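The values are calculated or read from the model by the stated rules, or taken from the named source; none is laboratory data. Note that the structure is predicted; figures quoted are calculated from it, not measured. Cβ sites come from the backbone with ideal geometry, for glycine too, and all protein chains shown count toward neighbours. We work out accessible area using only protein heavy atoms, side chains counted, and drop any ligands, DNA or RNA first. Shrake-Rupley method; radii C 1.70, N 1.55, O 1.52, S 1.80 Å.
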Amino acid sequence: MVRMLAEDTPTLRAVNPRAWIDHTNYLQLEFPASLRAFARQRADLLAILDPLPQKAWSRRATVTGAGAVLERTVLFYGRWLAGHERPHVKQIARIVASLSLSRM
């Protein structure tokens, strides 16, 4: 999304999350540090997105590498990201609640 805002119609290569994770140490990271990094990344992204004028949400990118070439907007990715992360937030809340109950 940041690149879409910085460049005029960039071409982006789609990344399979499962393939991406194989090239990182993500699974070995301690959860608290990982959650802090995630929260920091999302706060940085929201600081960019929050003040966007309406027209900026329609900025586009060409996406390759996932079958047909696609054209996506900043708005598309914003909606996708929010929808994708909502179940994870609920999952984390359930984990925290169960840990709190187990400590009682």
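Residues that are open to solvent by less than 60 Å² (accessible area, probe 1.4 Å) and more than 26 Å from V96 (Cβ to Cβ), at least 2 per element: which helices (runs of 4 or more DSSP H) completely within segment 1-83 meet that? Outline the logic, then answer.
Values: elements: 2-6, 17-22, 31-49.
Qualifying helices (runs of 4 or more DSSP H): 2-6.
Pairs under 9 Å by beta carbon, first residue within 20 Å of A39 (Cα to Cα) in segment 89-104, partner at pLDDT below 90 and open to solvent by less than 80 Å² (accessible area, probe 1.4 Å), six or more apart or different chains?
Partner pairs satisfying both residue conditions: I92/L35.
Is there a residue being farther than 17 Å from R79 by Cβ, under 17 Å from the mean Cα position of the chain (by Cα) and of a type outside the set (A, V, I, L, M, F, W, C) anywhere in segment 54-64?
No - not one qualifying residue is present in segment 54-64.
List the residue pairs whose Cβ atoms are under 7 Å apart, where the first residue sits in segment 56-80 and is on the phi > 0 side of the Ramachandran plot, the second is open to solvent by 60 Å² or more (accessible area, probe 1.4 Å), and the two are 6 or more positions apart or on different chains.
Between residues of segment 56-80 that are on the phi > 0 side of the Ramachandran plot and residues that are open to solvent by 60 Å² or more (accessible area, probe 1.4 Å), the close pairs are G65/R13.
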